[in-house]
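**Student:** Here it is, the structure in full.
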Amino acid sequence: LDEIGDISMDMQVKLLRVLQEGEFMRVGGTETLKTDVRLICATNRDLPKAIAEGKFRQDLYYRLNVIKIDIPPLRARKEDIPDLVNHFAAQIGGEAAKTFTDAAMSALTTYDWPGNVRELQNVVSRSVFLAEGPEVDVGDLPPEVTAGVADKARETRASGETNKFSTQRKAKR
């Protein structure tokens, strides 16, 4: 269940009952059905804080919080971006997947991704569809992603860094 922290209190009660009793009734149904499920839930909300504010049921929280996995936001793990970009591009294009230029990949890794992986996936999709050639370049990326590219290029030149993406791409060819 995605965004479990956003469900209404009414729905929380219903979900808790299903989890505790293993029974539910379909909308418009007349018979009670049995179920035995395990849930994987995700949220970007601070659920203990929501509990303290009366916005999330404590009993549901403890029912769901069996194994907790914290995944940092994409901006905190930028090393994952090239692999995710290549994965999304391959999903969209299959065998004819477009590649991203070093400059485009640099722009993607510079951006902070407030919308996290979903935003990255949408940007890759949009860019792949709009790119006219076999490669996606900086000009194919949305302006909000490329806004910091000039600043990053100046910083890189000033520090004498080399472009790690060009080295990786040459090695893969």
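**Student:** Just for region 92-113: of the residues that are within 17 Å of the chain's Cα centre (by Cα) and of a type outside the set (Val, Ile, Thr), which one is nearest to Asp140 (Cα to Cα)?
**Tutor:** The qualifying residue nearest to Asp140 (Cα to Cα) is Leu108.
**Student:** Of the residues Leu108, Leu64, Leu84, which is surrounded by 19 or more Cβ atoms within 10 Å (Cβ to Cβ) and under 30 Å from Arg38 (Cα atoms)?
**Tutor:** Of Leu108, Leu64, Leu84, the one residue that is surrounded by 19 or more Cβ atoms within 10 Å (Cβ to Cβ) and under 30 Å from Arg38 (Cα atoms) is Leu64.
**Student:** If Thr30 passes every condition in (1) assigned to a loop (DSSP other than H, G, I, E, B); (2) surrounded by 11 or more Cβ atoms within 10 Å (Cβ to Cβ) but one, which one does it miss?
**Tutor:** Looking at each condition in turn, Thr30 falls short on (2).
**Student:** May I pose another question? Testing Thr35 on (1) in contact with a Gly (Cβ under 8 Å, 6 or more places away or on another chain); (2) open to solvent by 100 Å² or more (accessible area, probe 1.4 Å), one condition comes back false. Which one is that?
**Tutor:** (2)
**Student:** If the Cβ limit is 6 Å and pairs must be 6+ apart or interchain, which residue in region 6-34 that is farther than 23 Å from Phe56 by Cα and among the acidic types (Asp, Glu) pairs with which residue that is modelled with pLDDT of 95 or more and open to solvent by 70 Å² or more (accessible area, probe 1.4 Å)?
**Tutor:** Matching pairs, first to second residue: none at all.
**Student:** Mind telling me which of the residues Ala52, Ala76, Ala147, Ala96 ends up being small (Gly, Ala, Ser), open to solvent by 60 Å² or more (accessible area, probe 1.4 Å) and under 30 Å from Leu19 (Cβ atoms)? Let's see the steps before the verdict.
**Tutor:** On the way: Ala76 fails: under 30 Å from Leu19 (Cβ atoms); Ala147 fails: under 30 Å from Leu19 (Cβ atoms); Ala96 fails: under 30 Å from Leu19 (Cβ atoms).
Residue meeting the stated conditions: Ala52.
The values are calculated or read from the model by the stated rules, or taken from the named source; none is laboratory data. The structure displayed is predicted, hence computed values, not measured ones. All Cβ positions, glycine included, derive from the backbone under ideal geometry; neighbour counts span all protein chains shown. Protein only, heavy atoms only, side chains kept; ligands, DNA and RNA dropped before computing areas. Shrake-Rupley method; radii C 1.70, N 1.55, O 1.52, S 1.80 Å.
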